[in-house]
Amino acid sequence: MTDVQTVRGPVPAEQLGNTLMHEHVFVLGEEMRQNFPDFPDRWDDDVRVADAVEKLRQCASRGIATIVDPTVIGLGRYIPRIQRINEQVDINIIVATGIYTYNEVPFQFHYTGPGLLFDTPEPMVELFVKDIREGIADTGVKAAFLKCAIEEPGLTPGVERVMRAVGQAHVETGAPITVHTNPHTGSGLVAQQVLAEEGVDLTKVVIGHSGDSTDLDYLCEIADAGSYLGMDRFGLDVLLPFEHRVGTVVELVRRGYADRMVLAHDAACFIDWLPAAGKAAALPNWIYTHISDDVLPALRERGVTDEQITTMLADNPRRYFSA
Ligand SMILES: [Zn+2]
């Protein structure tokens, strides 16, 4: 059986247990935080770490054994802080490598790469593979999956460059992939096409944020190509209300797709994109415990069985991370 890399070291895949497949601990602009520490909220490292420990303990207390954190470059990945938190709370945290952009690549890649001023092989591939094989920076923590994004602007040159690099790193390492997509622009299908061109095994791909859509034709097309649907924004009710999110999962289960869905909130202990008080008021359910406390009971009420819930919450994540 495969060992899966986590912040605390390798864990056998069969021990991952109930897994939330897309949760951030922090989403931060690290450069912003260091230079404008009062915007949008005062940053205090000790306070934020203690808050994260408490929120992750709440999550674990519901029987969640693992969270999968796709915070990569562009979202403020900083592993030493995650290690400090994980020392104080008993939960598996699986971390990622990759780049999060809707448009261009970071400037550090503008002049270096195939056909550029400094004409080299794609440096992203080497960086991603190193994170997976050797570990992230000098933390000793290895990334266990790859992440990229394709949003409303579609397959821009920068988005395509990152996506192909992610695909190549997958082919080299076998690490699975999560893609942030916008289902309303059909970008999950574009991601599948580009990744397939790179030789990616589409059964090792989560098409993230598919749960923002109720378009069953679109969702079934993605699932029929083999990928997992990320029903992963429970609590983000401004984008799609609770009843629609739940109803879509129920209908897909009824059609036989329980083995093609994974569940999560895409929540964070702290995200500097929104003022904290405003976020808490506008999105009270955008927290790690909403699925356990509200979504699973609603699914059961509508006929989803415990076995089907286990498929989505434990079996699919285990298969995704197993070689
Ligand atoms: Zn996310």
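The values are calculated or read from the model by the stated rules, or taken from the named source; none is laboratory data. Just so it is clear, the structure is predicted and the values come from calculations on it, not from any experiment. Glycine gets a Cβ as well: all are built from the backbone with ideal geometry, and neighbour counts include every protein chain shown. Calculation scope for accessible area: heavy atoms of the full protein, side chains included, ligands and nucleic acids excluded. Shrake-Rupley method; radii C 1.70, N 1.55, O 1.52, S 1.80 Å.
Could you run through the stretch 285-323 and say how many residues are closer than 30 Å to THR173 by Cβ and outside any loop (DSSP other than H, G, I, E, B)? Working first, answer last.
First, the residues of the stretch 285-323 that are closer than 30 Å to THR173 by Cβ: 288, 291, 310-323.
Subset that is outside any loop (DSSP other than H, G, I, E, B): 291, 310-321.
Of the residues in that region, 13 qualify.
Could you go through the stretch 36-48 and let me know if any residue there is within 16 Å of the ligand (Cβ to nearest atom), outside any loop (DSSP other than H, G, I, E, B) and either surrounded by 21 or more Cβ atoms within 10 Å (Cβ to Cβ) or not polar (S, T, N, Q) (or both). Reasoning before the result, please.
To start, the set of residues in the stretch 36-48 that are within 16 Å of the ligand (Cβ to nearest atom) comprises none.
No, because not a single residue in the stretch 36-48 is within 16 Å of the ligand (Cβ to nearest atom), outside any loop (DSSP other than H, G, I, E, B) and either surrounded by 21 or more Cβ atoms within 10 Å (Cβ to Cβ) or not polar (S, T, N, Q) (or both).
Restricting to the stretch 113-143, what's the tally of residues that are open to solvent by less than 80 Å² (accessible area, probe 1.4 Å), within 21 Å of the chain's Cα centre (by Cα) and in contact (Cβ under 8 Å) with a residue 12 or more places away in the chain?
Number of matching residues: 12.
With the condition being open to solvent by less than 30 Å² (accessible area, probe 1.4 Å) and under 16 Å from ALA96 (Cβ atoms), I'd like the helices (runs of 4 or more DSSP H) fully within the stretch 144-234 carrying at least 3 qualifying residues.
Working: elements: 157-173, 187-197, 216-224.
Once the helices (runs of 4 or more DSSP H) in the stretch 144-234 are filtered for at least 3 residues that are open to solvent by less than 30 Å² (accessible area, probe 1.4 Å) and under 16 Å from ALA96 (Cβ atoms), what remains is 157-173.
If GLN83 passes every condition in (1) outside any helix (DSSP H, G or I); (2) surrounded by fewer than 22 Cβ atoms within 10 Å (Cβ to Cβ); (3) modelled with pLDDT of 95 or more but one, which one does it miss?
(1)
Need pairs with beta-carbon distance below 6 Å; first residue away from the ligand (no atom under 15 Å from the Cβ) and within the stretch 70-91, second basic (Lys, Arg) and open to solvent by 50 Å² or more (accessible area, probe 1.4 Å); sequence gap 6+ or separate chains.
Qualifying pairs under 6 Å: ASN86/ARG8; VAL89/ARG57.
Test of understanding: among ARG245, ARG319, which residue is basic (Lys, Arg), buried (at least 17 other Cβ atoms within 10 Å of the Cβ) and modelled with pLDDT of 95 or more?
Values: ARG319 fails: buried (at least 17 other Cβ atoms within 10 Å of the Cβ).
None of the other options fit; the residue is ARG245.
For the stretch 218-237, enumerate the residues that are of a type outside the set (A, V, I, L, M, F, W, C) and within 17 Å of the chain's Cα centre (by Cα).
Taking the stretch 218-237 as the starting set, the residues that turn out to be of a type outside the set (A, V, I, L, M, F, W, C) are 218, 221, 224, 226-228, 230, 232-233, 235, 237.
Passing the criteria: SER227, TYR228, GLY230, ASP232, ARG233, GLY235.
Can you give me the number of residues within the stretch 269-284 that are within 16 Å of the ligand (Cβ to nearest atom), open to solvent by 10 Å² or more (accessible area, probe 1.4 Å) and part of a loop (DSSP other than H, G, I, E, B)?
4
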